[in-house]
Amino acid sequence: MDSSKLSSVAKTLKPSPIQQLSYLAQRTNAVNLAEGFPDFPAPEHIKAAAVTAITSDFNQYRHVQGICDLVADKMKQMHGLAYDPVTDIAICCGQTEAFAATMFAILNPGDEVILFDPCFETYETCILMAGGVPVYVALDPPYWKLDEIKLLDSFTANTKALVLNSPHNPTGKVFNKDELGIIAEYCRTKDCLAVTDEVYEHIIYNNEPHISLASLSGMQERTIITSSLSKTYSVTGWRVGWAVGPSCVAFAIKNIHTKVTDSAPAPFQEAALTALSSPSRYYKSLIRDYELKRDFVLKSLGEVGFNLEFKPLGSFFVFAALPESCKLTDVEFVEELIKQAGVVAVPGCGFFHKSRDSLENVTSYHNRYIRFAFCKGDATLTSAVDKMQQLVDASGRLKFL
């Protein structure tokens, strides 16, 4: 059979460049700073809960209502939002399925969805598979500021939803109160739904609180929050996530989840009860550890010649600009980084898209950024830095930078 039998959407899909780079790191024994998963052990108390669940035979299809109860409690404690854990929360196989199910739940063919660019690659695919049309609003580098005029111009009669990821992948941006207020105002006045990806909600620096868009006036009834265990508890392979929103949407997401995957992994759902009950000291330690890793990586990248005007305020990524003197594109640089230093990072171009009405030469910076993931053990980060520093030339820069 040839590809003519594939759907039009399937024909457009390509392998994830991030995942492909991780495979390359494995094959070449390179240090992997590409993919956003930790290489250090998950917390012992959470792993022990999973083992206990397996040996207690929680191994069949299962819905653990206690997760919904704890997520509802968290929404109340963190944001002052009241949700019914029975009707307003759906358990899914990670945030990715929660997001995809949300798109299937709310989109009709031709509905437009606004995304802030650069953005994580999964969003576009989920929107297209649901029949929607992605519309990109470029954030302004180097500080990735929201331009209110660009946002306003992106709305049309076909706009159905807006996607907000804060803290933000790949940049580490945290949308501030003023920006959230602008987004909320347009969602209300344009009668637009908001879908948030809040997987980095507990990884925010400078003692700043996480602000969910749903907590702003008039937004709870039009916002679907998606999140998961993955980033906060260092269990990206467990695939336990959730969607929180109005009961009619949550009901639809539950039905889609049941038809597609039936159940999130049963023993990991049980372990989620332990994870979500972690004491406050766990979250403080998480932030402190990642802040130290962030500062180490920023300092080290600066020492080998990267342009680091923006300091990540959340998540565990550094989105570093190539200096103007570097003649390589982001893809070419990563190729040299792998060949010469044995370190893998992600070319930034995979996160960028051209705005619908853009007349500017957007490629002027779309191929000038490299994403480094610092959700790695200290030995991994030190090894990567040492490998790069061995290639520093007399000018104090990587010889191919």
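The values are calculated or read from the model by the stated rules, or taken from the named source; none is laboratory data. Being a predicted model, the structure only gives us computed values, none of them experimental. Neighbour counts run over all protein chains shown; Cβ positions are idealised from the backbone, glycine included. Protein only, heavy atoms only, side chains kept; ligands, DNA and RNA dropped before computing areas. Shrake-Rupley method; radii C 1.70, N 1.55, O 1.52, S 1.80 Å.
Points worth noting:
- Computed helical MRE - 222 nm, the chain, DSSP H runs ≥ 4 contributing -39500 (n - 2.57), nearest 500: -12000 deg cm²/dmol
- Carbon and sulfur %, accessible surface of segment 56-277 computed with the full protein complex present, 1.4 Å: 52 percent
- Cα centroid separation, segment 165-220 to segment 15-46 (Å): 28 Å
- Segment Glu208-Leu328, extension gain: residue separation times 0.36 nm, minus the distance between their alpha carbons: 39.5 nm
- Average accessible surface area per residue within segment 56-277, 1.4 Å rolling probe, Å²: 37 Å²
- Qualifying chymotrypsin sites (Phe, Trp or Tyr not before Pro) in segment 134-167, DSSP loop, other Cβ atoms within 10 Å at most 14: Tyr143
- Carbon + sulfur, % of accessible area of segment 1-45 - ligands and nucleic acids excluded, 1.4 Å: 55 percent
- Only Cα pairs under 8 Å and 6+ residues apart enter the sum, and on that basis the relative contact order of the chain stands at 24 percent.
- GNM flexibility winner over the chain from Tyr61, Tyr365, Tyr233 (Cα, springs under 10 Å): Tyr61
- Cα centroid separation, segment 224-277 to segment 286-324: 31 Å.
- Per-residue extension of 0.36 nm, minus the Cα-Cα distance of Ser364 and Glu44, leaves a gain of 110.6 nm for this segment.
- Computed lengthening from Thr189 to Asn108, 0.36 nm per intervening residue step minus Cα-Cα distance: 27.1 nm
- Among Lys47, Lys259, Lys293, residue whose mean-square fluctuation peaks in a GNM of the chain (springs only between Cα atoms under 10 Å): Lys259
- Straight-distance crosslink candidates among lysines, where the alpha carbon sits under 18 Å from Lys339 and sequence neighbours closer than 8 are dropped: Lys327, Lys387, Lys399
- Axial C-alpha extent at least 15 Å, average Kyte-Doolittle at least -1.0 - helices from the chain (DSSP): 17-28, 44-55, 65-79, 94-106, 177-189, 247-260, 280-303, 378-389
- Separation of the Lys11 and Lys339 label points, Cα + 7 Å toward Cβ, nm: 3.5 nm
- Residues considered: His366, His45, His79. Largest GNM mean-square fluctuation over the chain, using C-alpha springs under 10 Å, is found at His45.
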